[in-house]
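All remarks here apply to the structure that follows.
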Amino acid sequence: MTKVTTIRNLPAFFDRETFLTPFDKMFDSLFETNFPEFVNSVGVTPFQGSAYPKVNVYEYDTYVGIIAEIPGLDKKDLEVEVEEGVLTISGKKHSIGSADEKAKVLRRELKGSSFKRSFTLGDSLDGENINAEFKNGVLSIEVPKIEPEQPKKTFVKIS
């Protein structure tokens, strides 16, 4: 049996994300300062303050894969775009809840809101040939790797 407990006198504006975001930003800053090579190579900060959707990022031989869980959305509610080397996942979560105004909310964890999550693509990733698939609430993105251009070598004839 589930017991629902209500806490009185808690400000209505208080929620977990608002409370934790400053701490997440502090951890991001510390991580970026102490491990810049990791952040630059992966293109994502590990804590990324209460970022949504939560993702897993994998590196394969020929591409980098991003898996995001986005339950309750349709493909038409999502957008994946690349602009100036930044891959952005965005969408709109529709509010889920009772349409009956007589109902008193005892607990609200499901939210309807817009979201945007961005990843900086490094020089070794091809932002123009990305593949994305959305199935059963899971967004799978494949960003192909490219070989960085080797510096051209020119021999100068000595006279």
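The values are calculated or read from the model by the stated rules, or taken from the named source; none is laboratory data. Just so it is clear, the structure is predicted and the values come from calculations on it, not from any experiment. Using ideal geometry, Cβ is built from the backbone for each residue, glycine included, and neighbour counts are taken over all protein chains shown.
The table for this structure:
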item: Count - residues of the stretch 105-136 that are part of a loop (DSSP other than H, G, I, E, B), of a type outside the set (S, T, Y) and free of Cβ contacts under 8 Å to residues at least 40 places away in the same chain; result: 10
item: Scope the stretch 55-75; condition of a type outside the set (G, A, S), within 13 Å of the chain's Cα centre (by Cα) and over 17 Å from K116 (Cα atoms); matching residues; result: none
item: Qualifying residue in the stretch 111-120 (condition: modelled with pLDDT under 95, surrounded by 10 or more Cβ atoms within 10 Å (Cβ to Cβ), in the same structural domain as E84 (by TED's automatic domain parsing) and under 17 Å from E59 (Cα atoms)); result: yes
